[in-house]
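Structure first, commentary second.
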Amino acid sequence: MTDLTTFAHGLPKAELHLHLEGTLEPELKFALAARNGVELAQKTVEEVRATYDFTDLTSFLAVYYPAMDVLRTAEDFHDLAWAYLQRAAAEGVVHTEMFFDPQAHTSRGVPFDDVVTGYHRAVVRAGRELGVSAELVLCFLRDMSAEHAMSTLMEALPYKRWIIGVGLDSDERGNPPSKFDAVFARARAEGFLLTAHCDIDQEGSIANIGHVVREIGVDRVDHGTNVVEDDALVELVAERGLGLTCCPVSNSFVTEQMKADEIVGLLSRGVRVTVNSDDPAYFGAYVGGNYVALAEQADLGAEDLVQLAVNSFEAAWLTPARRAAYIAQVHEYAAAAR
Ligand code: HPA
Ligand code: ZN
């Protein structure tokens, strides 16, 4: 597996399911707490990690949101994104479309402008200093009201050129995507691309996937592996070439398993499956680690990983010319490794 690990980490890839707030490592959390005079309940990295005891999405989110309290200034948001982008570059990421949760900050009194300006500075820096292309995807928190999502969308309009698309995250239970139909329609009209989380094994998972694909008309689905429950929907997703942004290590934290059989089964049925890290600081694996974990679990070889990397660019929101150039880079890398 060592050779395959090296191969997986060097493979040029796009990361399409990554929450910037989910990249907050305990060390940075302490540094930001000290800078901002925030008192933390935990005093050591080990104590922080001991709180990472998740059994499902809800118990993960209960740890995830309070941790964000250390993020206060534009500089903090820059530092968070910059730390992720450096780690991503070291694991072969050449393009990334990163989620952020503005409502988790504006609801604490942090100005929207500080959040987006800080993140955007890291995006610009990554292009210049790392040769990594990065985009921002604004996620609405689905456990807040549709009205709050709509007003957040309005707040985002002046920053349109810095934000490629919108998504939907947080607790799916009791918050189906239909709640946000009007918000997605307006986002589409404003020129944003659309994606939405359809988390693993939720009540109504398959209905929610059907809704985002058939009614909202998303350009991608985040997680979405429960699509296996409906053959007609699998065919539709494959036909439309919709990307599914799977996160195997995350799955193993919020359910009992990585869902490797589902992920690999969909891949072999021609669905544009991609592999991503979700919240790597919490789940202990960045994107290269997710390729390796899935390969170990499902006994994948280098050719399968190449397919996943190609899919990541096929599913990315790139121009045809840039997409083709990245895919050529994948094949050159694979040829050189043979
Ligand atoms: N699902 C829902 N909300 C989230 C996730 C996720 O995978 N990660 C961070 N917020
Ligand atoms: Zn996610």
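The figures follow:
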read-out	value
Eligible lysines near residue 259 by straight Cα distance, threshold 29 Å, same-chain separation 8 or greater	13, 179
Dipole moment magnitude, nearest 20 debye, segment 4-337 about Cα centre, only Lys, Arg, Asp, Glu C-beta charged	1160
Ranked packing of 29-41, 300-312, most packed first, by mean Cβ within 10 Å	300-312, 29-41
Over the chain: helical MRE at 222 nm, DSSP H runs n ≥ 4 each giving -39500 (n - 2.57), nearest 500	-15000 deg cm²/dmol
Paramagnetic reach from residue 58 (point 7 Å along Cα→Cβ, amide N under 14 Å) across segment 252-275	none
³J(HN,Hα), Karplus 6.51/-1.76/1.60, whole Hz, each residue of segment 130-141, x for Gly, Pro	10, x, 9, 8, 9, 10, 10, 10, 7, 9, 8, 7
Restricting segment 233-283 to GluC sites (Glu not before Pro) in coil, as DSSP defines it, with at most 11 other Cβ within 10 Å	256
Alpha-carbon centroid distance for the pair segment 232-280 / segment 309-338, whole angstrom	19
Antiparallel bridges, percent of DSSP beta bridges restricted to segment 4-337 (to nearest 5)	0
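Read-outs throughout are calculated quantities, based only on the coordinates presented, and are distinct from any laboratory measurement. Treat the numbers as computed from the prediction; the structure is a model and nothing was measured. When we count neighbours, we look across all protein chains shown, and the Cβ atoms used for this are built from the backbone with ideal geometry, even at glycine.
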